[in-house]
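Everything below concerns the one structure shown next.
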Amino acid sequence: MTGPLLSVRDLRTHFVRGKETLRAVQGVSFDVEPGRALAIVGESGSGKTVTARSLLRLLPRTARIANGQAILRVPKRAGASGGHRRGSGSASDAHREVDLLALPERELRRVRGREVGMVFQNAMEAMNPTLTLERQLTEHLLWHGICGKTEARERAVRALGDVGIPEPERRIRTYPFQLSGGMRQRAMIAMAMLTEPALLIADEPTTAVDVTVQRQILDLLVEVKNRGTGIVMITHDLGVARYFCDDVVVMYAGRVVERAPTTALLDEPQHPYSVGLLGSSVELGDRARPLLPIPGSPPDLARLPSGCAFHPRCGRAELPRCQTDQDLVTLTDGRETACWKAVADA
Ligand SMILES: Nc1ncnc2c1ncn2[C@@H]1O[C@H](COP(=O)(O)OP(=O)(O)OP(=O)(O)O)[C@@H](O)[C@H]1O
Ligand code: SF4
Ligand SMILES: [Mg+2]
């Protein structure tokens, strides 16, 4: 496959609040490669979830995608069970491309949950509490026309086993509320992976579970990644990013302020906001280090500061230039930062 699996370009998502426009996502761009995981990190309210949900157009009614492209290149699946892929593209195509933001709703529903799997912070959001796992998982496969009923059940049991749910033959007959939080989260991952999606979007998939289960879920996602699935992982936990993700995008006030390979970003952050974020976060195995919160608070998205939106909180700000400069600039090795001072120092 040539080119990335997902290319997001200049995504802008706004909320309408009375007469005000809240710019929750403002020109976000990134790529996701097959078999690689991209972390999206940033303080609460920085636009991580709105970015992820915009890609699947799963947004509240007050939200509007004002601009952008999200080109998904879906590879042809080797050994997929007999021609279940619908849509454009001839049999000889290596892949087909769809713009998730422009697809008609009917087509998007086919892509969502099939080519793109979703894992949310709260498993109950993705599951129907009134249906057994068997119904939900098999109906998911049947709805997408992937296989018949008997095979769907077999696949569903196998998928539950694959995510480490013990006695999947028995557990498949239970309802989501009968499972522990960790088991539910795994069942949701099983459901997301059932259709062997090319891309998995995971929004804080391990926040609601304890550390042991967190590690198991991450190891599971490593396997998923190693099978070639591209992953977008939204996380507050920089330890999760370090353990699991290949690249990191740092968001502040709806913008990408830095983008770099994980080790480069976590070991040598360039943007003052990334530096602050690292200083204010606990990483696994680093619990003794004193935390230094970033002073101030994120801006009101309806009244964003001009230029670099971080300037009112930035210890390195130089006015007036920081009130006008804000472009994402490439440093070296493909890393990008939206701070002119960091670029000048590099
Ligand atoms: N339903 C909504 N109505 C109005 N504004 C919203 C809504 N959801 C999100 N927003 C706005 O979009 C911004 C980004 O929200 P988002 O949920 O993407 O943040 P986040 O980075 O995922 O934060 P967290 O780490 O807390 O999950 C918020 O600051 C908020 O102002
Ligand atoms: S552009 Fe200025 S305000 Fe923004 S991060 Fe860099 S130094 Fe700080
Ligand atoms: Mg969120």
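The values are calculated or read from the model by the stated rules, or taken from the named source; none is laboratory data. Source: prediction; values computed, not measured. All Cβ positions, glycine included, derive from the backbone under ideal geometry; neighbour counts span all protein chains shown. Please note that ligands, DNA and RNA were not included when accessible areas were found on the heavy atoms of the full protein model with its side chains. Shrake-Rupley method; radii C 1.70, N 1.55, O 1.52, S 1.80 Å.
Summary of values
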read-out: Residue that is more than 23 Å from LEU141 (Cα to Cα), outside any loop (DSSP other than H, G, I, E, B) and open to solvent by less than 20 Å² (accessible area, probe 1.4 Å), where the choices are LEU218, LEU200, LEU160; value: LEU218
read-out: Meets criteria (under 18 Å from the mean Cα position of the chain (by Cα) and in contact (Cβ under 8 Å) with a residue 24 or more places away in the chain) for LEU108; value: yes
read-out: Residue count, the stretch 46-60 (criterion: within 9 Å of ligand 1 (Cβ to nearest atom), out of contact with any helix residue (DSSP H, G or I) (no Cβ under 8 Å at 6 or more places or on another chain) and part of a loop (DSSP other than H, G, I, E, B)); value: 3
read-out: Yes/no for PRO305 being open to solvent by 30 Å² or more (accessible area, probe 1.4 Å) and within 16 Å of ligand 3 (Cβ to nearest atom); value: no
read-out: Subset of the stretch 238-250 that is open to solvent by 20 Å² or more (accessible area, probe 1.4 Å) and outside any helix (DSSP H, G or I) - its residue that is nearest to ligand 1 (Cβ to nearest atom); value: ASP247
read-out: Any hit, the stretch 252-263, residues being free of Cβ contacts under 8 Å to residues at least 24 places away in the same chain and either within 23 Å of the chain's Cα centre (by Cα) or away from ligand 3 (no atom under 16 Å from the Cβ) (or both); value: yes
read-out: Matching residues, the stretch 163-197, being in a helix (DSSP H, G or I), touching a residue at least 60 places away in the same chain (Cβ under 8 Å) and more than 15 Å from ASN128 (Cα to Cα); value: MET193
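A quick yes/no check of all residues on (1) near ligand 1 (Cβ under 8 Å from one of its atoms); (2) more than 23 Å from ALA126 (Cα to Cα); (3) at pLDDT 95 or above; (4) part of a loop (DSSP other than H, G, I, E, B):
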| site | (1), (2), (3), (4) |
| --- | --- |
| THR2 | no, yes, no, yes |
| ARG12 | no, yes, yes, no |
| VAL16 | no, yes, no, no |
| GLN26 | no, yes, yes, no |
| ASP31 | no, yes, yes, no |
| SER44 | yes, no, no, yes |
| ARG64 | no, no, yes, no |
| GLN69 | no, yes, yes, no |
